[in-house]
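One structure is given here, and the rest of the page talks about it.
Please treat every number below as a calculation from the coordinates, not as lab data. For clarity, every value in this text was computed on a predicted model and none was experimentally measured. Ideal geometry is used to build each Cβ from the backbone, glycine not excepted, and the neighbour counts take in all protein chains shown.
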Amino acid sequence: MASGALTEQTPVVARPGVDFWRRLRRDRAAVAGGVIIVAFVLIALLAPVLSAVSGNNPYDYDLDALGPNTAPKGFGGGISARHWFGVEPLTGRDLFSVVVYGARTSLLVGITATVVSVALGVVIGVVAGYVGGWTDRIVSRVTDVIFGFPSLIFIIALGAIVPASFPKSFLIVLVIGFFGWPTIARVVRGQTLALKERNYVTAARASGAGPLHVMASELLPNLTATIIVFATISIPGKIGAEAALSFLGVGVPPPTPAWGRSIGDAIAWVGIDPMFLVFPGAALFLITMAFNLFGDGLRDVLDPRTGRAR
Amino acid sequence: MTFARFVLSRLAGMVIVLLAIALISYLIFYLLPANPAQLSCGRPCTPDRLAQAEAFMGLDKPWWAQFLTFLGGFFVGRTFGVGGTAIHCDAPCFGYSFRLSESVTQLIAERAPVTFSIAIGAAVLWLLLGVSTGVASALRRGSLIDRSLTTLSVAGVSAPAYLVGLLGIFLFGFTLNMVPVGGYVPLTQSPVQWLWHLILPWIVLALLNAAIYTRLTRGEMLEVMGEDYIRTARAKGLREGRVVGRHALRNVLIPVATVFGLDLGSLLGGAILTEKVFAMQGLGSLLLDAVGNLDLQVLVGVTLFSAFLIILANVVVDISYGLLDPRVKAGG
């Protein structure tokens, strides 16, 4: 399948170690991505501190910062010593705090949804690949159904009819995560099929290990690299999904700051106050790109074969 | 396996997947606590009137009977209520919106041209753009063009279409005043205005989606160009243009077609985000309205219609494999 050059240089699954870090460091794009990710994680963790330093929080209205038409007063959407990124039109909330707290929402939803789909995908993929037969066939039918599902449409519709008592943010994490598992399951299944013919698996089975033991102790450790790569690659998609839902007004409920919602609100203001679009938009673009760059780099180092296949 | 049997088995698989999706969406949307009869009953809603509304909508029957009636609606249509106040919904009936007093089929037929105009125009553009830049990138591997295209495509993959769309509206709509800031004009009303309103959404969607195709085409192209039959084609003295065009591209297009089918299918089912940004009343906005008003009939109908388009696109791709790649046709 994979021809020549790439597979000769690197083993299919490299063991994370000194070599791994050296090779990852050589990829300047991946390093840049990693640095941006770390920066955003710090911003998200320190959000209360950062907005306190600027003397604001993301919830307080500041009607004094608005002009008579409820658009922000002054240059660049109301940029001032007090409001570093200006203010939200209509409410006068501090845009810097909104963007900084928005990082929490994005990263939290993006990463937990990824955990949900990776957990589901790995378990389902390993079982389907190892057990095979009917289990495998059923899993691939279910996968077909999920791929055929208009997932964004479905998530929007589901949000509308689930009882209000069910926490909305939790629902979003669950559904975004749920629709993500087939991609990971497919890759893990393929790898499992290849691994289960290896001698050490046969040896484990011959010495009386049960299927659960083989899957957990023999297969899983050898799938780690693939799982890490696919988890990283799928985070930006999850962040994008949350932002899209919030953009449509069916995501994380207000007043919790979310970049997507700010961008959605900016539609009405884009002719008057473009900076209201620019700051949350830039944040969303940067974090997505950072994860893409880092994920690509990680894939090239850890798992060149699947990298080539896509 | 003959080609006809291959096509038939794909179509049968499509029907099964569609049925599964219909059942799942029906169950989820109708068994959850939101009661459509309660919503249309209004206030004050006496138990009598609620029962009446439920009987009218057919909600008093067990869920499987409701589902069968719903499925039957596709083939023979269905009637809500009896006597003079009865509402008839002709086949193929995707449901009936009591809120809009219109059948879902009719609503879809009204809104689909908007979404289809956006999706098809954009898809043609991004396919041309993505494949040509991908080929150029692969043929000049490592050159400045290749490296800038690779960087640009990461940026394109990372930027949400609604964000770039809004920036486009700000720049070309408000600041430069070159294109309208939103809205849709039917093709039948004014082809020029139609094009004029669509040009910005097309370009935005095409630029961003092309990024994926550039990466995909480049990767496939690099792999294919190392194959033996390319060397053979060169060895027998074919010019490079012909080697790339006839021998390499044909094989590169197969994986590209897979992704294209999926993307086009899901975009046809509702360009929800794009429609919102450009204030166009397509299937996506129909669905968002339905969500806001808990119009379950429209929700299920549009979800199913979108699923149908996605799966249809998949089947078309599968079948075109058979045409593009003789090995599929022969080997099955």
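Quick look at the numbers
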| quantity | calculated |
| --- | --- |
| Region B:53-131 versus region A:244-293: alpha-carbon centroid distance in Å | 33 Å |
| Sequence-distant lysines (8 or more away, or on other chains) whose Cα lies within less than 21 Å of B:Lys61 | none |
| Candidates A:Val41, A:Val270, A:Val145: whichever shows maximal mean-square fluctuation once chain A is modelled as a Gaussian network with Cα springs under 10 Å | A:Val145 |
| Shielding of B:16-25 by partner chains, average beta-carbon count, 10 Å | 4 |
| For B:Glu102, distant residues with modelled amide H under 5 Å away | B:Ser97 |
| Partners for B:Lys236 among aspartates and glutamates (Cα-Cα distance below 14 Å; same-chain residues under 8 apart left out) | B:Asp228 |
| Positive-end extreme of charge dipole, the protein assembly as shown - chosen from A:Gly260, B:Val157, B:Gly292 (charges on Cβ) | B:Val157 |
| Test item: Cα-centred dipole of region B:136-257, Lys/Arg +1 and Asp/Glu -1 on Cβ, debye | 520 debye |
| FRET efficiency, B:Cys45 to B:Phe80 (Cβ-Cβ, R0 30 Å, nearest 0.05) | 0.95 |
| Among B:Ala55, B:Gln38, B:Phe3 the positive-end extreme of the charge dipole of region B:3-104 (Cβ point charges) | B:Phe3 |
| Prolate/oblate/rounded label for chain B (Cα gyration tensor, a/c 1.5) | oblate |
| Student exercise, region B:3-104 dipole from Lys, Arg, Asp, Glu Cβ charges, in Debye to nearest 20 | 260 debye |
| Signed unit charges on C-beta, dipole axis of the protein assembly as shown, positive-most listed residue A:Val188, B:Leu283, B:Gly261 | A:Val188 |
| B:Ile145-B:Phe116 pseudo-label distance in nm [points 7 Å out on the Cα-to-Cβ vector] | 3.7 nm |
| Proxy reagent accessibility, fewest Cβ within 10 Å first, across B:Thr85, A:Thr70, B:Thr303 | B:Thr85, A:Thr70, B:Thr303 |
| A:Phe170 versus A:Ala194: modelled label distance in nm, points set 7 Å from Cα along the beta carbon direction | 4.0 nm |
| Order of B:Met178, A:Met275 under a 10 Å beta carbon neighbour criterion, fewest first | B:Met178, A:Met275 |
| Reach of A:Lys238 by Cα under 29 Å, taken over lysines that are not fewer than 8 positions away in the same chain | A:Lys168, B:Lys276 |
| Virtual spin-label span in nm between B:Ile16 and A:Tyr61, 7 Å along Cα→Cβ | 5.8 nm |
| Nearest-20 debye value, region B:105-329 charge dipole, Cβ charges on Lys, Arg, Asp, Glu | 1020 debye |
| Once exposed loop trypsin sites (Lys or Arg not before Pro) are cut out (DSSP; at most 10 other Cβ, 10 Å), longest piece of chain B | B:1-235 |
| Global geometry of the protein assembly as shown, whether rounded, prolate or oblate, following the gyration tensor of its Cα atoms and the 1.5 cut on a/c | rounded |
| Shielding by partners, peptide A:265-273 (average Cβ within 10 angstrom, other chains) | 4 |
| Taking chain A and dividing mean pair separation by its residue count, relative contact order in percent (alpha carbons under 8 Å, at least six apart) | 28 percent |
| Protection proxy ranking, peptides A:224-236, B:191-203, average beta carbon neighbours within 10 Å, highest first | A:224-236, B:191-203 |
